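Below you'll find the structure, written out as structure tokens, and then a few comments.
The values are calculated or read from the model by the stated rules, or taken from the named source; none is laboratory data. Predicted model only: the values in this text are computed from it and were never measured. In this analysis, Cβ positions are derived from the backbone assuming ideal geometry, glycine residues included, and neighbour counts consider all displayed protein chains.
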Amino acid sequence: MPFFRFKKSLRGGSSFGVDCRQGLGFLIGLIFTLVGLMGPAVAAARENPLPKDQAFHGGARLEGSEVVIAFDVWEGYHLYKARFKFTPSPKHVALGTAILPQGLLELDPEMGETEVYRGHVEIRVPVLSASFPEASFLDVTYQGCQDGGSCYPPMHLKVDLKGIDPPRGLSSGHEPPVNECSASSPEGFLNPPPASEQCRIAEALKKDSLWLTAASFLGMGLLLAFTPCIFPMIPILSGIIVGHGQRLTTRRAFLLSLSYVSASALAYTGFGVLAGLFGHNLQALSQDSRIIAAFSALFVILAFSMFGVFTLQVPGPLQARLVALSNRQAGGTLLGSAIMGFLSALIVGPCVAAPLAGALIYIGQTGDALLGGLALFSLGLGMGLPLLVIGTSAGKLLPKAGDWMDTIKSIFGVALLGVALSLLERIIPPEVTLFLWAVLLILPSIFLGALDALPPQATFLRKVAKGLGVLMLAYGLLLLVGVATKAKDPLHPLEHLRVGAPGSSRDPSKLAFVPVKSVAELQGALKEASRHHQAVMLDFYADWCSACKEMERDTFTDLRVQEALKNVLLIQADVTQTNADQNALLKAFGLIGPPAVLFFDGSAREISHRRIIGFMEPEHFVAHLSALF
């Protein structure tokens, strides 16, 4: 009863010192005995390290769009922070920057001062992928050592990503490609926000009658016909009509124009339906530099046939092939006209606009390719109506005989060279483009008599030709001045010389966009902006997108726009090359192609109902921004 006696001694106070000394002696002896017994065990442990799964017990869990990797490190062991590596499988699954906690700084005899983990540690890895196959894994590579003992080779932890949630503002890839219209309302809205224009169009497709849908899209296509994307198709069709020569009749001109317009509308329909169902911008695939160069060469050949170049000293077999090619495409056959219409829709066709996006959203959500295809075909016909009128009118307006026909052919030959150059400017430097436009204006101006004196009895048409030649010569010289002063915009060759000019409403300097090339880079930029509670504007751009360049030239240079965006982080995703990373960026937001402008609040959450699809005038863009920020 030692403990009882100890307590009793406390009460009595007589035997406390003797009993306490005896207890302390007993405890000290016990400690030394245990240490003596544990010494060999510790030495044995150093000689025989624990199995890796016991020394570094690891596991993972999914929290929203993040993988949380946790390790419990056994006492006497440590993990190296610098040895962690995270590899997704398949490789196109995009990851954000891993968030590793701060470790302990320790002096390693081999590696010097090293940061290590002991005890419990958790690492977070954001998963940003828009394309998310069922069999997706994250391979975590790590390495650690026993204190004063053996080091383990690199070890692996395999994490199944099935069931992870999509990142905020990004699509998981399991849903239809275009799905922002079905997204829930952003936080903070008591009532659902107003739908974007493309979403309203998609909803109208679900409710309107068949004929109302066709008529609506026909009208929207007619409005799109006057956008810069359609302009290159005018000289192409006109060249086909003119190539028919003196045999052209009004009826023949109408049939050629109808063949061209119908084929281009069918191209929009077919590729649009495929894009809506599978989420790929198939039109963008035709913007490869080799395809652009080949198509430009075709237009150059057609232009030279208009000039009569093939009658010069060209080798016989080559001349026969060129003439046959020219006759097949520009000589007036309905099949040739249809082929040119189909190819033109892919190469020089319109960029994505709200009506087109609305139809693709409807197809993606419902899978109703029939109604969506009808809407797209009506849209294509609407865009082709002015072409139909221009082509048919040529049957009455063009001269039927005489030297005038050669003059008209030369004019349209120059126009076809302009189309070739408008295609080439997507793949060549802007300075070279500016110089070629100058050459294309100056040389024909000489043939129009810009430098020749008019005879006293000059006809009215001769005077008009000279006036046109003088205008072309003057503008061509301005372009040369622009080339010498490093200008890049053919429509505003001297604009860069007016920086700070009084009363100017435009600033030729570009907005300072942060370029991103992948989903991971974009998510990193959004996360950095959210740390500072900064709003973000994301612009999708491509060199082959005419509306994108119009937005860059007219809207983003407006001083009012720049003032409204001064506190906004500007990010630009250039999807010109249409590679895997750029396609993932488009698919992450359910976009078919540019132009598109997206906005994010201070929490990196997209304000989806405020998306802008297509070109927007500066004053409307400013009003749009004022409602956002």
**Q.** Restricting segment 77-100 to residues that are in a loop (DSSP other than H, G, I, E, B) and within 17 Å of GLN143 (Cβ to Cβ), the residue that is modelled with the highest pLDDT
**A.** PHE84
Q: Take LEU274 and decide whether it is surrounded by fewer than 21 Cβ atoms within 10 Å (Cβ to Cβ), closer than 30 Å to PHE589 by Cβ and either at pLDDT 75 or above or assigned by TED's automatic domain parsing to the domain that holds PRO595 (or both).
A: no
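Going through GLY372, GLY367, GLY413, GLY418 one at a time, which residue ends up being outside the structural domain of ALA214 (by TED's automatic domain parsing), modelled with pLDDT under 85 and of a type in the set (Gly, Ala, Ser)?
Details: GLY372 fails: outside the structural domain of ALA214 (by TED's automatic domain parsing); GLY367 fails: outside the structural domain of ALA214 (by TED's automatic domain parsing); GLY418 fails: modelled with pLDDT under 85.
Just one listed residue meets the conditions, GLY413.
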Q: All but one of (1) surrounded by fewer than 18 Cβ atoms within 10 Å (Cβ to Cβ); (2) modelled with pLDDT under 90 hold for ASN583, so report the exception by its number.
A: (1)
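Which of the residues spanning segment 125-135 are modelled with pLDDT under 80 and surrounded by fewer than 22 Cβ atoms within 10 Å (Cβ to Cβ)? Write out each step before concluding.
Kept after step one, since they are modelled with pLDDT under 80, are these residues of segment 125-135: 127-135.
Selection gives SER131, PHE132, PRO133, GLU134, ALA135.
Report, by residue number, each residue of segment 429-453 that is assigned to a helix (DSSP H, G or I), of a type outside the set (A, V, I, L, M), out of contact with any Pro (no Cβ under 9 Å at 6 or more places or on another chain) and within 27 Å of ILE408 (Cβ to Cβ).
Start the filter on segment 429-453 by keeping residues that are assigned to a helix (DSSP H, G or I), which leaves 430-447.
After this cut, where a residue has to be of a type outside the set (A, V, I, L, M) as well, the list is 430-431, 433, 435, 437, 444-445, 447.
Filter once more, so that each one left must be out of contact with any Pro (no Cβ under 9 Å at 6 or more places or on another chain): 431, 435, 444-445, 447.
Residues satisfying the conditions are PRO444, SER445, PHE447.
In this structure, is VAL519 closer than 19 Å to GLU563 by Cα, of a type in the set (Val, Ile, Thr) and either touching a residue at least 24 places away in the same chain (Cβ under 8 Å) or crowded, with 21+ Cβ neighbours inside 10 Å (or both)? Lay out the reasoning, then the answer.
Working: closer than 19 Å to GLU563 by Cα: no; of a type in the set (Val, Ile, Thr): yes; either touching a residue at least 24 places away in the same chain (Cβ under 8 Å) or crowded, with 21+ Cβ neighbours inside 10 Å (or both): yes.
Considered against the rule, which asks whether it is closer than 19 Å to GLU563 by Cα, of a type in the set (Val, Ile, Thr) and either touching a residue at least 24 places away in the same chain (Cβ under 8 Å) or crowded, with 21+ Cβ neighbours inside 10 Å (or both), VAL519 comes out as no.
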